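Student: Let me begin by handing over the structure; questions about it come next.
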Amino acid sequence: MKERKKGPLLAVGMLVVTALGASPAWADKATDEIAKYREMIADGNPSELVAAQGEDLWKKKRGPKNASLEQCDLGLGPGVIKGAYAQMPRYFKDTGKVQDLETRLMTCMQSLQGIEPKEVINAQWLKGERETMAALVAYVVTESNGAKIKVDLRHPEMKKMYDLGKMAFYYRSGPMDFSCTTCHGDTGKRIRLQDLPDLRKQEGAAAGWGSWPAYRVSNGQFWTMQHRLNDCYRQQRTAEPIYGSDVTIALSVYLAGTANGGTMLTPGLKR
Amino acid sequence: MKKITLAMGLFCAFPAAWAANDALYADFKAMMDSSFQSNGIAAKHRMYQLDFQKACSGEKDPPKKEMQAIEAAQLKTIRYPADGKYLGDWKEGEKIAISGRGLTWTDKTRFDNGGGCYNCHQLSHHEISYGTIGPSLLEYGKVRGSSDEIIKYTWGKIYNAKAYNACSNMPRNGDAEILTEQQMKHLMAYLFDPASPVNKK
């Protein structure tokens with residue numbers, strides 16, 4: 001895995017050097033080059049390795065109950081993974097809650113394997129049970145690649161989470177007065193050279209929601225949606241959202257619901 | 001008489017709608033309260049909104065009158081340099097404009113912050129990695145000159161952008177103690193000094 005990272009990282013380094021040496025008029029060209037580079041390595045998305053680990057972990061007997069996750073119900077019936085992520089978050093009758101993929105997997109780990117949610121919630125990113133979670137996520141979302149985003153908002157709890165998520169999206173706070181809309185509330189903007197999807201609109205939400213979770217070339221890490229949202233809030237300069245907390249679910253419902261009709265291109269590949 | 005009945009009917013209809021929104025808003029507040037935790041310098045109280053932050057958290061900006069009231073209140077927060085000197089060293093200013101660091105839960109101290117200017121603005125002739133959330137400030141001083149009026153306005157804008165546009169995306173660099181007075185002076189020089197690459201090709 002380490003050996004494999006070197007290639008793309010070196011290529012990115014060269015791109016940055018090229019970009020810095022260019023004149024201002026070349027700014028758009030530089031973003032084009034990054035897009036081109038993404039296409040180049042799309043065939044060998046390093047997420048495949050993480051997803052393969054996830055598949056092993058899905059089938060492996062683990063935890064106090066020494067069981068696999070093969071009977072986990074992600075909404076389409078026990079053990080059905082194909083297309084399941086494209087319809088999440090969703091309301092689950094058995095827990096009486098709206099759950100995203102990660103909180104649902106925590107439910108399965110607890111009920112099937114006896115692994116307590118706090119093992120994931122209290123872990124560091126990409127360590128311990130949260131590393132396991134990332135691998136499982138990579139596996140599940142790969143099985144929704146190319147599927148239509150189809151989140152059912154009809155249940156009253158889903159409708160409510162959508163409304164709460166929208167309120168959270170516009171909520172300004174903290175020392176920099178930022179909200180999600182500061183960066184994602186307008187069309188055609190970018191931060192530095194990074195293009196920003198307008199997440200209020202179907203097209204932008206589909207591009208954003210539909211390309212996460214993703215492998216990040218810049219740090220060689222696979223990031224889940226919980227990880228992505230956590231870092232958005234870090235850069236908003238707010239306090240830290242608790243892993244799997246309601247605000248993360250509500251925002252996910254708002255984003256996925258707005259993205260409905262788009263296509264999942266997961267796992268994504270990011271700078 | 002009929003008109004009055006209709007008006008009464010409408011009047012009575014509103015509180016019901018408000019009650020529904022109030023219930024949702026109460027749930028929203030409870031959700032925000034239970035979903036965040038302090039981490040390092042990013043304490044939980046950051047989730048509690050200032051009045052103008054709340055007013056600017058809708059899909060649309062608040063009515064003009066409310067915007068003007070916010071702007072008037074924010075204008076009063078601006079502190080101009082006591083020594084009357086507005087311009088520092090543009091080279092230091094460039095470093096501050098480029099740095100986007102500070103105030104996150106991975107930062108050790110809440111001081112020592114960057115201005116993050118390039119995240120949103122084009123500034124100099126040679127830096128191509130700039131954002132477009134804010135307007136281009138290329139040749140800022142060259143285009144605008146350096147009258148007392150423009151100098152004072154620019155200082156105020158950096159210190160507290162909400163004094164000029166209540167719901168501006170731009171942070172209150174002075175008022176929220178993101179940058180020091182000295183750092184803001186360096187940024188001013190970056191914008192106004194004829195030798196600064198903002199103005200000189």
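The values are calculated or read from the model by the stated rules, or taken from the named source; none is laboratory data. Keep in mind that what you see is a predicted model, and the values were worked out from it rather than measured. Quick reminder, even Gly has a Cβ in these numbers, built from the backbone with ideal geometry, and neighbours come from all protein chains shown.
Student: Quick check, is B:S129 more than 30 Å from B:A69 (Cα to Cα), of a type in the set (S, T, N, Q), surrounded by 22 or more Cβ atoms within 10 Å (Cβ to Cβ) and in contact with a helix residue (DSSP H, G or I) (Cβ under 8 Å, 6 or more places away or on another chain)?
Tutor: no
Student: Return the residues of the range B:97-119 that are within 7 Å of chain A (Cβ to nearest Cβ) and crowded, with 18+ Cβ neighbours inside 10 Å; say none if nothing qualifies.
Tutor: Hits for the range B:97-119 are B:L103, B:T104, B:W105, B:Y118, B:N119.
Student: State the number of residues belonging to the range B:51-106 that are touching a strand residue (DSSP E or B) at 6+ places or on another chain (Cβ under 8 Å) and within 19 Å of B:K157 (Cα to Cα).
Tutor: 1
Student: Could I ask something else about it? Could you list, in sequence order, the residues of the range B:162-182 that are part of a helix (DSSP H, G or I) and surrounded by fewer than 21 Cβ atoms within 10 Å (Cβ to Cβ)?
Tutor: B:E181, B:Q182
Student: Given the criteria modelled with pLDDT of 95 or more, more than 12 Å from chain A (Cβ to nearest Cβ) and assigned to a loop (DSSP other than H, G, I, E, B), does B:L137 qualify?
Tutor: Criteria met by B:L137.
Student: Which count do you get for residues in the range B:31-47 that are at the interface with chain A (Cβ under 7 Å from one of its Cβ atoms) and either in contact with a Leu (Cβ under 8 Å, 6 or more places away or on another chain) or assigned to a loop (DSSP other than H, G, I, E, B) (or both)?
Tutor: Here the count works out to 4.
Student: Right, another one. Considering each of A:G77, A:G165 in turn, give the residue that is assigned by TED's automatic domain parsing to the domain that holds A:A205 and modelled with pLDDT of 95 or more.
Tutor: None of the others qualify; the one that does is A:G165.
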